[in-house]
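In what follows, a single structure is set out as structure tokens and then discussed.
The values are calculated or read from the model by the stated rules, or taken from the named source; none is laboratory data. Small disclaimer: the values here were computed from a predicted structure and weren't measured. Here the Cβ is made from the backbone with ideal geometry for all residues, glycine too, and neighbour counts use every protein chain on show.
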Amino acid sequence: MWSSEIIESADPDEFIGSIRPRGCQILVTERGSFEARAVLMDVDRLYLQRRRERLARLVEVDMPRSGIIFLTEPGPSMFWNGAEIGMKNVALFGSGSRCISRLSGATGWGSISLASDDMESVYTSHFGFSPIWTAGCTVITPPPKALMRLRSLHAAASKMAETLPELSMRSASAHGLEQSLIHAMLDCCDVRNGRPDTTAQQHHRLIIRRFGELLEMNPLKPMHVPETSHAIGISGRTLRMACQKHFGVSPTQYLLLRRMRLARRTLRQSNPDVTRVTDVATDLGFWELGRFSVKYRQIFGESPSATLRTAVPH
């Protein structure tokens, strides 16, 4: 089976909502106009993505499949759960885990994924033992030639999807492409080239998980660093270090951006005839409405009232 789709959007929520897996949460952390493009491909059992995103952002995602992620072009490193993925690296991820994907600027990246049972089967057949990253994410440095071949095949599949979007590939041809991609992926997946997590990385992941759980329990409550770190049972300095590593911003900035993004989503989904910007802002703890409006315009390039006027209620 072969099918493909191209997604382009200037709206982060629309973009992330169009891509599997569903239910991801995106938070743009850089000012500017959001632009993103994705080529999505199903090749028999494989699901391929090739994406180009313009701004720094965070995405929280629950992984339903296992697979591999890598940069497709030189540029800023990616970060998965705080682990850095450069041009010489790939990240292996397992199903059933929650990951925080961070871009620090304009980035091109790709991925290949399989259902977990299929991944375990092909990996065990190739290496003689089961994959050990299936409960999380492991960054490795594969042989350069193997990574070059993986990128080349992934780019060729993407080019085929873009130039021949209506292509009805014969079953035998799709199977041949799938097998080539699987072998190229496996050649990059020897976990003996892995980079073991440090104790600090493990501790930071635990802190970020507790931080996220606390925010989920208090989705509308304005949170501040002292009370947040106290609730987690750590110092403010430790929370700042963990947030900088995973989010690329301080906890104060992360909390502000999170509430601002929630304000924007609420305004865009409200009825402008019955909703006031003041009500939305104060419900989210923005008591100084002038400062809220200025900050909102700096982040989104328009006033909150302009967002509300163009709202499409759901």
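When the test is whether a residue is in contact with a Gly (Cβ under 9 Å, 6 or more places away or on another chain) and either loosely packed, with under 13 Cβ neighbours inside 10 Å or under 17 Å from I26 (Cα atoms) (or both), L257 does not pass it.
Identify the residue in the stretch 263-282 that is in contact (Cβ under 8 Å) with a residue 40 or more places away in the chain and within 23 Å of the chain's Cα centre (by Cα) and, among all such residues, is farthest from P219 (Cα to Cα). Residue satisfying both the conditions and the ranking: R268.
Going by what's in this entry, would V249 be described as over 25 Å from S101 (Cβ atoms) and not assigned by TED's automatic domain parsing to the domain that holds E30?
Working: over 25 Å from S101 (Cβ atoms): no; not assigned by TED's automatic domain parsing to the domain that holds E30: yes.
Judged against the criteria, V249 is not a match.
Using the structure shown, decide if D273 is surrounded by 14 or more Cβ atoms within 10 Å (Cβ to Cβ) and among the charged types (D, E, K, R). Working first, answer last.
On the way: surrounded by 14 or more Cβ atoms within 10 Å (Cβ to Cβ): no; among the charged types (D, E, K, R): yes.
In short, no.
Residues are listed down the side, and each one gets a yes or a no for (1) exposed (fewer than 15 other Cβ atoms within 10 Å of the Cβ); (2) basic (K, R); (3) farther than 27 Å from V61 by Cβ; (4) not assigned by TED's automatic domain parsing to the domain that holds F34:
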residue	(1), (2), (3), (4)
A263	no, no, no, yes
T266	no, no, no, yes
T282	yes, no, yes, yes
W287	yes, no, yes, yes
G301	yes, no, no, yes
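Between Y296, Y254, the distinction of being over 30 Å from A83 (Cα atoms), in a helix (DSSP H, G or I) and outside the structural domain of S104 (by TED's automatic domain parsing) belongs to Y296 only. Hey, any hits in the stretch 226-235 for a residue that's in contact with a helix residue (DSSP H, G or I) (Cβ under 9 Å, 6 or more places away or on another chain), within 23 Å of E30 (Cβ to Cβ) and of a type in the set (A, V, I, L, M, F, W, C)? Within the stretch 226-235, not a single residue is in contact with a helix residue (DSSP H, G or I) (Cβ under 9 Å, 6 or more places away or on another chain), within 23 Å of E30 (Cβ to Cβ) and of a type in the set (A, V, I, L, M, F, W, C). Of all residues in the stretch 1-32, none satisfies the criterion of being under 22 Å from H246 (Cβ atoms), of a type in the set (G, A, S) and at pLDDT 90 or above.
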